[in-house]
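> Below are the structure tokens for one structure; questions will follow.
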């Protein structure tokens, strides 16, 4: 009996600790056009303000009331309404656009994927697999293939060959909706493209251009999302 009571107290204390930890968490907005803060967890309720892209908010609680957005035709993403605090306002937002990972700066044209990763994560490992022949070892432009690992669990690798190349990013704590936004930011702009979404065997988004350029695939795998860019002739 005492053992059962002890277990119950442990579970209760753990739940309280997790709830307190979540309630004090800061999240970043990933919606490029901003995220509506509403008076109640309903898309038709009064809009208090629009929280800008990359701004942070304080998580208060999960309402466990679901809402679905359509990012593109054929891709609907469902998540819960979250109660949050932003500056002096308290209200409700769609949780699918919130992440503890800050998004890239879309206003900085010099910002690239590796710069972004090195800014938000802690680099722990770097392996060079291949270089161009007769090239200075100190010249980073000579590297044709490498992999970088980060303390937070992210991993990035790239390969460059004649007429093209690939980049692959494995990143934790981003849902497939946020990963799609990340994929579009670090892919060259284009006018004509085809997007497909597959629910099985794993949630996957495929973006294909109609000409030479950047294509990418996103696959959700547990707590990780894999983004694979490819481009060239």
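The values are calculated or read from the model by the stated rules, or taken from the named source; none is laboratory data. Every value quoted in this text rests on a predicted model; they were computed, and no experiment measured them. Virtual Cβ from ideal backbone geometry, glycine too; neighbours counted across all protein chains shown.
> For segment 92-111, how many residues meet the condition of being part of a loop (DSSP other than H, G, I, E, B), touching a residue at least 60 places away in the same chain (Cβ under 8 Å) and closer than 22 Å to residue 49 by Cβ?
Result for segment 92-111: 4.
> What number of residues within segment 73-87 are within 14 Å of residue 203 (Cβ to Cβ), out of contact with any helix residue (DSSP H, G or I) (no Cβ under 6 Å at 6 or more places or on another chain) and in contact (Cβ under 8 Å) with a residue 12 or more places away in the chain?
Residues of segment 73-87 within 14 Å of residue 203 (Cβ to Cβ): 74-79.
Now narrow it down to the ones that are out of contact with any helix residue (DSSP H, G or I) (no Cβ under 6 Å at 6 or more places or on another chain): 74-76, 78.
This time we only want the ones that are in contact (Cβ under 8 Å) with a residue 12 or more places away in the chain, so: 74-75, 78.
Looking only at that region, the number is 3.
> Given (1) exposed (fewer than 12 other Cβ atoms within 10 Å of the Cβ); (2) modelled with pLDDT under 90, where does residue 125 come up short, assuming only one miss?
(2)
> Right, something else. Would segment 76-90 turn up any residue that is under 16 Å from the mean Cα position of the chain (by Cα), surrounded by fewer than 14 Cβ atoms within 10 Å (Cβ to Cβ) and in the same structural domain as residue 155 (by TED's automatic domain parsing)?
Scanning segment 76-90, I find no residue that is under 16 Å from the mean Cα position of the chain (by Cα), surrounded by fewer than 14 Cβ atoms within 10 Å (Cβ to Cβ) and in the same structural domain as residue 155 (by TED's automatic domain parsing), so the answer is no.
> The conditions are (1) at pLDDT below 95; (2) under 22 Å from residue 171 (Cβ atoms); (3) not in a loop (DSSP other than H, G, I, E, B), and residue 17 fails exactly one of them. Which is it?
(2)
> In the set 59, 64, which member is in contact with a strand residue (DSSP E or B) (Cβ under 9 Å, 6 or more places away or on another chain), on the phi > 0 side of the Ramachandran plot and either in the same structural domain as residue 182 (by TED's automatic domain parsing) or not in a loop (DSSP other than H, G, I, E, B) (or both)?
The unique qualifying residue is 64.
> For the list (1) farther than 26 Å from residue 80 by Cα; (2) not in a strand (DSSP E or B), I need the number of the one condition that residue 130 fails.
Answer for residue 130: the failing condition is (2).
> What number of residues within segment 91-104 satisfy the criterion of being over 23 Å from residue 204 (Cβ atoms) and surrounded by fewer than 19 Cβ atoms within 10 Å (Cβ to Cβ)?
So the count comes out to 2.
> The conditions are (1) surrounded by 13 or more Cβ atoms within 10 Å (Cβ to Cβ); (2) farther than 17 Å from residue 181 by Cβ; (3) modelled with pLDDT under 90, and residue 11 fails exactly one of them. Which is it?
Of the numbered conditions (1) surrounded by 13 or more Cβ atoms within 10 Å (Cβ to Cβ); (2) farther than 17 Å from residue 181 by Cβ; (3) modelled with pLDDT under 90, the odd one out for residue 11 is (1).
> For residue 214, which of the numbered conditions (1) outside any loop (DSSP other than H, G, I, E, B); (2) closer than 29 Å to residue 79 by Cβ; (3) modelled with pLDDT of 85 or more fails to hold?
(3)
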